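First the structure, in the form of structure tokens, and then the observations on it.
The values are calculated or read from the model by the stated rules, or taken from the named source; none is laboratory data. Everything numeric in this text was worked out from a predicted model, so none of it was measured. Cβ placement follows ideal geometry from the backbone for every residue including glycine, while neighbour counts extend to all protein chains displayed.
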Amino acid sequence: MFTLTDQLVNEIEIDGRSYHLNLYFDTVLLFFDLMDDEDFSAPRKIEIAADMFIDFGDDVVPFEKKFKAVQAIIETYIKDDEKEEDSQKASGPRLYDLKQDAKYIYASFLQEYQIDLIDQQGVLRWEKFTALLSGLRDNTRFKEIVGIRAAELPPASKSPEERKRLQKLKKLYALDKDQKTREAELDMMFNTLANQGGN
């Protein structure tokens with residue numbers, strides 16, 4: 001949970017040793033890409049994710065410890081920031097996707113905050129990124145497109161031209177139909193691995 005009273009956590013403890021956490025927004029986005037990659041098995045995804053999120057140095061950490069660490073990172077730092085999107089999806093169609101809308105998000109951060117997200121790779125924390133994303137104003141490109149996706153079509157009898165215009169925009173900015181629910185996928189992967197004893 002994002003608060004203004006606590007420092008962002010930069011370390012994770014495993015077997016009494018502290019390791020640096022890489023919770024930058026671009027690392028989390030790469031993790032989401034990894035989860036969607038069908039070329040890797042679930043255990044291999046956990047291994048890669050652990051190395052993405054945690055700086056182990058030269059330490060050799062067993063898979064079981066990596067599994068628990070990645071699970072804790074997802075539950076503590078990433079899922080909490082996805083709850084708003086998940087609740088929105090539960091109440092209606094999904095209105096944005098961080099990957100598909102990347103260029104609109106980039107342009108909107110530059111417009112709203114004068115933040116170049118490319119320059120912020122490896123700098124801007126995930127928690128800050130999601131807070132800033134939720135604070136974008138309606139006149140930014142990203143929020144305009146989200147508004148188009150959320151807008152209800154007016155009755156053809158009352159405003160045929162506006163209906164046609166909005167239908168065209170909805171088609172232009174429609175999200176891919178094969179998108180999956182990320183939280184459900186993560187839960188399924190962790191549950192499967194847990195049932196297999198972490199291997």
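Within segment 110-133, one or more residues are among the polar types (S, T, N, Q), touching a helix residue (DSSP H, G or I) at 6+ places or on another chain (Cβ under 6 Å), in a helix (DSSP H, G or I) and closer than 28 Å to Leu4 by Cβ. Annotation note: Cβ proximity below 6 Å between a residue of segment 138-155 that is free of Cβ contacts under 8 Å to residues at least 40 places away in the same chain and a residue that is of a type in the set (A, V, I, L, M, F, W, C) and crowded, with 18+ Cβ neighbours inside 10 Å (sequence gap 6+ or interchain) occurs for Lys143/Leu136.
Restricting segment 3-12 to residues that are surrounded by 10 or more Cβ atoms within 10 Å (Cβ to Cβ) and without any contact (Cβ under 8 Å) to a residue 40 or more places away in the chain leaves a set whose member that is nearest to Gly122 (Cα to Cα) is Asn10.
Filtered by the rule that a residue be over 16 Å from Tyr96 (Cβ atoms), of a type in the set (D, E, K, R) and surrounded by 12 or more Cβ atoms within 10 Å (Cβ to Cβ), segment 109-137 gives Arg125, Glu127, Lys128.
Name the residues in segment 105-144 that are among the aliphatic types (A, V, I, L, M) and either within 18 Å of the chain's Cα centre (by Cα) or within 24 Å of Ile74 (Cβ to Cβ) (or both), would you? Ile105, Ala107, Leu117, Ile118, Val123, Leu124, Ala131, Leu132, Leu133, Leu136 - these are the residues of segment 105-144 that are among the aliphatic types (A, V, I, L, M) and either within 18 Å of the chain's Cα centre (by Cα) or within 24 Å of Ile74 (Cβ to Cβ) (or both).
Take the conditions small (Gly, Ala, Ser) and part of a helix (DSSP H, G or I) and apply them to Ala174. Does it pass? So Ala174 does not fit the description; no. Taking residues in segment 118-136 that are without any contact (Cβ under 8 Å) to a residue 24 or more places away in the chain, and partners anywhere that are assigned to a helix (DSSP H, G or I) and crowded, with 20+ Cβ neighbours inside 10 Å, the pairs with Cβ atoms closer than 9 Å and at least 6 places apart or on different chains are Leu132/Phe109. Could you say which residue among Arg182, Arg149 is basic (Lys, Arg), under 24 Å from Phe109 (Cβ atoms), surrounded by 15 or more Cβ atoms within 10 Å (Cβ to Cβ) and at pLDDT below 90? Among Arg182, Arg149, only Arg182 is basic (Lys, Arg), under 24 Å from Phe109 (Cβ atoms), surrounded by 15 or more Cβ atoms within 10 Å (Cβ to Cβ) and at pLDDT below 90. A single member of Glu47, Glu85 is at pLDDT below 90 and in a helix (DSSP H, G or I), and it is Glu85.
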